[in-house]
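S.K.: Dropping the structure in here first, questions after.
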Amino acid sequence: MEQHCLGCSLAQSELPVHKIYENNSISCFLDHDPYNEGHVLILPKAHIVDFDEMDEDTTKSVMDVTKLISKAVKLAYQPAGITVCQNGGIFNELTHYHMHVVPRYKGDDFA
């Protein structure tokens, strides 16, 4: 774990989160400030800042669980669609890689 990394603390459950899925390499939990109800964050447990830094196993785990979470969100919330996104570099305010899975509805103002 990187010292003073909020993402590491969240992924390692050192801070309170509403965890919905976990395996050896990743942790998934509801966003504390969701765009819509059911907004999920997927974080690797290892300190990784950008997507291109992930090893193959972690990358596969992130993508596999993104698919799993997307299906679960569709069943639970019946959204008009799902947005899956991640921000890198200076746009990653958490400074720890994370994937968003966001249920979307007609009329959402989201770019």
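Read-outs: derived from the displayed coordinates by stated rules, not from any lab. As the structure is a computational prediction, the values presented were derived from the model and not from experiment. Using ideal geometry, Cβ is built from the backbone for each residue, glycine included, and neighbour counts are taken over all protein chains shown.
S.K.: Measure nothing but the geometry: give the 0 to 90° angle between the long axis through the Cα atoms of 56-77 and the longest principal axis through the Cα atoms of the chain, rounded to 10°.
M.R.: 30
S.K.: Given the rule -39500 (n - 2.57) for each run of at least 4 DSSP H residues, summed and divided by the residues of the chain, what is its mean residue ellipticity at 222 nm, to the nearest 500 deg cm²/dmol? Write down the numbers at each step before the final one.
M.R.: Values: 2 runs with 28 residues, N = 111.
When only DSSP H runs of four or more count, the value is -8000 deg cm²/dmol.
S.K.: Further, regarding this structure: Given a cut-off of 21 Å, what percent of all Cα-Cα pairs of the stretch 6-104 lie beyond it?
M.R.: On the way: 1262 of 4851 pairs.
Distances greater than 21 Å cover 26 percent of the Cα pairs.
S.K.: Which far-off residues, 5 or more places away or on another chain, put their amide H under 5 Å from the one on residue 20, with H placed in the peptide plane?
M.R.: Correct list: 28, 29, 30.
S.K.: Identify, among 39, 61, 11, the residue whose Cα sits farthest towards the positive end of the charge dipole of the stretch 5-101, taking +1 on the Cβ of Lys and Arg and -1 on the Cβ of Asp and Glu, with the dipole about the Cα centre.
M.R.: My answer, from the dipole projection, is 39.
S.K.: Sticking with this structure for a sec: Neighbouring Cβ atoms within 10 Å as the yardstick, rank 67, 45, 74 fewest first.
M.R.: Numbers: 67 11, 45 20, 74 14.
In increasing order of surrounding Cβ atoms, one gets 67, 74, 45.
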